[in-house]
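The values are calculated or read from the model by the stated rules, or taken from the named source; none is laboratory data. Given the structure is predicted, the values throughout are model-derived calculations rather than measurements. Quick reminder, even Gly has a Cβ in these numbers, built from the backbone with ideal geometry, and neighbours come from all protein chains shown. Calculation scope for accessible area: heavy atoms of the full protein, side chains included, ligands and nucleic acids excluded. Shrake-Rupley method; radii C 1.70, N 1.55, O 1.52, S 1.80 Å.
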Amino acid sequence: MSRLESLISQLDPQLLPRHVAMIMDGNGRWARMRGRQRGEGHAEGITTVRRVTELSSDLGIGYLTLYAFSTENWNRPQEEVDTLMYLIGWAIERELPDLIRNNVRIHLIGDIERVPEEARLKLTGSRDKTAHCTGLNLGICISYSARWEITRAARHLAEEVLKGNLAPSDIDESEIARNLATYPFPDPDLLIRTGGEKRISNFLLWQIAYSELYFTDLLWPDFGKEEYAEALLHYQQRERRFGKTSEQIANE
């Protein structure tokens with residue numbers, strides 16, 4: 001039995017997270033440590049995306065959301081931005097046949113209109129070609145930040161109030177959630193961040209209110225299926241109380 005098989009055998013299928021979110025950090029550092037260009041690290045990171053997507057699909061996890069490119073990333077050197085946009089478009093097109101074969105549905109989350117046309121057309125085309133899939137829902141957050149998302153939701157709700165379609169008293173947590181870019185995804189049960197940093201970096205700030213957080217020092221290109229399975233095992237060892245006591249949870 002391989003190490004991966006051993007780890008998977010320890011997982012309780014009934015306790016798997018319904019939704020896993022990931023901050024994919026460390027591509028640039030991975031490349032720099034090897035004397036390579038940052039773009040090569042991003043290219044290597046695409047292999048990790050394939051690995052975590054495959055395992056999520058194999059395990060029957062319903063939703064996987066990946067932080068591919070933040071609104072703040074537009075401030076990076078233009079050469080790196082151009083490389084990232086090219087790689088994102090190229091990767092999604094390359095992986096599309098396998099995604100369809102594995103019944104994976106692509107969702108684009110973020111200010112997609114800011115993405116250069118060539119990459120945007122590849123992304124939206126791939127999304128449309130997987131619209132019939134009913135397995136894993138793969139959320140790709142590109143040109144995304146939580147503050148952008150919440151501001152967008154607040155603006156839309158204000159417009160609905162001005163039009164008379166909504167009363168201010170009707171705005172509650174569920175109404176806000178329906179206007180977020182991730183709707184209708186459920187809130188993440190588990191947020192994983194690679195790369196050693198222990199911060200959220202403007203990612204799903206509303207949605208992760210009760211998510212379990214898992215940080216690893218591994219750089220994203222080094223995060224394989226075994227490491228993902230370990231994170232899932234760690235998640236299953238936690239007690240999720242949602243404000244209740246341990247005794248209340250035990251008696252439910």
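Here are some notes:
- Here the spin labels are modelled as points 7 Å beyond Cα on the Cα-Cβ line, and at Asp170 and Ala154 they lie 2.1 nm apart.
- Between region 127-156 and region 214-241, the C-alpha centres lie 24 angstrom from each other.
- Lys122 contributes an accessible area of around 50 Å² to the protein surface, as traced by a 1.4 Å probe with all chains present.
- Where only DSSP H runs of four or more residues are counted, the chain gives -14500 deg cm²/dmol as its mean residue ellipticity at 222 nm, each run worth -39500 (n - 2.57).
- Take Glu227: with every protein chain present and a 1.4 Å probe, its accessible area is about 40 Å².
- For the pair Arg3 and Arg114, a Förster radius of 41 Å applied to the C-beta separation gives a FRET efficiency near 0.50, rounded to the nearest 0.05.
- 31 Å Cα-Cα threshold exceeded, pairs from Lys122/Lys225; Lys122/Lys163; Lys129/Lys225: Lys122/Lys163
- Per-residue SASA entry for Glu5, accessible area with 1.4 Å probe, Å² rounded to 10: 100
- Efficiency of FRET from Cβ geometry, Arg51 and Asp12, R₀ 30 Å, rounded to 0.05: 0.85
- Normalised per residue, the accessible area of the chain is 52 Å², obtained with a 1.4 Å probe and no contribution from ligands, DNA or RNA.
- Applying both filters, DSSP loop and at most 14 other Cβ atoms within 10 Å, to the chymotrypsin sites (Phe, Trp or Tyr not before Pro) of region 160-243 gives Tyr210, Phe242.
- Cα centroids of region 76-112 and region 11-36: 16 Å apart.
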